[in-house]
Amino acid sequence: MPWVRIESGAYWGVFVAAFLGVAIWESFRPRRDLCVPIARRWRNHALLLVTCTIISVGIYRASPVVIAAAFVGSRFGLLNKPWLPFAARCILALLLLHLVKYALHRACHSVAVLSRMHQVHHPDPDFDVSKAFRLHPIELIFTQFGYFGAIAMLAAPPAALLIAELASTFQSFFGHANARLPEWLEKPVRAIFVTPDMHRIHHSEEIREQNRNLGDIFPWWDRLFQTYVSTPAAGQAEMMTGLKGYQNPRSLSFAFMLRQPFLPERQANATADMTVTRGN
């Protein structure tokens, strides 16, 4: 099966459809007023996405599905067992790979050197679909290395990886939407998937809340490991997002996003001169 062609077509189809769909949704029904014009944020976040993509492709030259396909028929791998039904292997792969992503995300909030890289994702005082692009290249290299290693150890079926990657692509936009589900729908959806209101709490400026709701697609690992919180202390309407001391014009520039992890904290905070105001 030509996994490269299937993955590429499916990925970009979901990427474009999910981004446009969420962008339209949050444009017509915004959850919160934005502090900074969309054009500037989207331009710089898109530049960061392109940079990360070029570096990632240059280093790894492979994708999760291709790596999984390379281990088909191998004697190695936790899930590469002939006696294990295919459906069971796919379900276990989805759950375990999501656990790996949860663990990697938690490490990015608890290991100092990783935390400095991951902080690039958090300073923006606004929260919208473009936030999914805001990732430092070095963090991407680390997380992909860990994720690819997990795929090899599990020998997960390529079909399961394809489903996981498409779901993660959709969720990265949906979870960062500046929108909300109707109240009657929020609770049942959140029982299975991470919703925008749930993930927005993770982007609170309060450190305690930044260490909560770490899940990528499913909320189950947060509940199991007691990192789940249902509502922010200040409430969704009043909660401030971003990093204290970074909610300033400089933190939104492309150059600053690349340099931020390497700046002394005092210097990084030196331009905290923007008063963030937001309507409800």
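The numbers here are math on the coordinates, done by the rules we state, and not lab data. Here the structure is a predicted model, which is why all the values come from computation and not from measurement. With ideal geometry, Cβ positions are generated from the backbone for all residues, glycine too; neighbour counts draw on all protein chains shown.
Annotations
- Any hit, the stretch 41-50, residues being of a type in the set (S, T, N, Q), crowded, with 18+ Cβ neighbours inside 10 Å and touching a residue at least 60 places away in the same chain (Cβ under 8 Å): yes
One line per residue, one yes/no per condition, for (1) among the charged types (D, E, K, R); (2) touching a residue at least 24 places away in the same chain (Cβ under 8 Å); (3) assigned to a loop (DSSP other than H, G, I, E, B); (4) under 23 Å from residue 130 (Cβ atoms):
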{"residue": "213", "(1), (2), (3), (4)": "no, no, yes, yes"}
{"residue": "216", "(1), (2), (3), (4)": "yes, yes, yes, yes"}
{"residue": "223", "(1), (2), (3), (4)": "yes, no, no, no"}
{"residue": "232", "(1), (2), (3), (4)": "no, yes, yes, yes"}
{"residue": "237", "(1), (2), (3), (4)": "no, yes, yes, yes"}
{"residue": "243", "(1), (2), (3), (4)": "no, yes, yes, yes"}
{"residue": "250", "(1), (2), (3), (4)": "yes, no, no, yes"}
{"residue": "256", "(1), (2), (3), (4)": "no, no, no, yes"}
{"residue": "261", "(1), (2), (3), (4)": "no, yes, no, yes"}
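- Scope the stretch 6-31; condition surrounded by 14 or more Cβ atoms within 10 Å (Cβ to Cβ) and under 17 Å from residue 132 (Cβ atoms); matching residues: 11, 14, 15, 18, 19, 21, 22, 23, 25, 26, 30, 31
- Among (1) of a type outside the set (Ser, Thr, Tyr); (2) surrounded by fewer than 19 Cβ atoms within 10 Å (Cβ to Cβ); (3) over 17 Å from the mean Cα position of the chain (by Cα) - the single one residue 160 does not satisfy: (2)
- Restricting the stretch 109-125 to residues that are hydrophobic (A, V, I, L, M, F, W, C) and crowded, with 21+ Cβ neighbours inside 10 Å, the residue that is farthest from the chain's Cα centre (by Cα): 117
- From the list 227, 231, 169, 195, the lone residue that is touching an Asp or Glu at 6+ places or on another chain (Cβ under 8 Å) and hydroxyl-bearing (Ser, Thr, Tyr) is 195.
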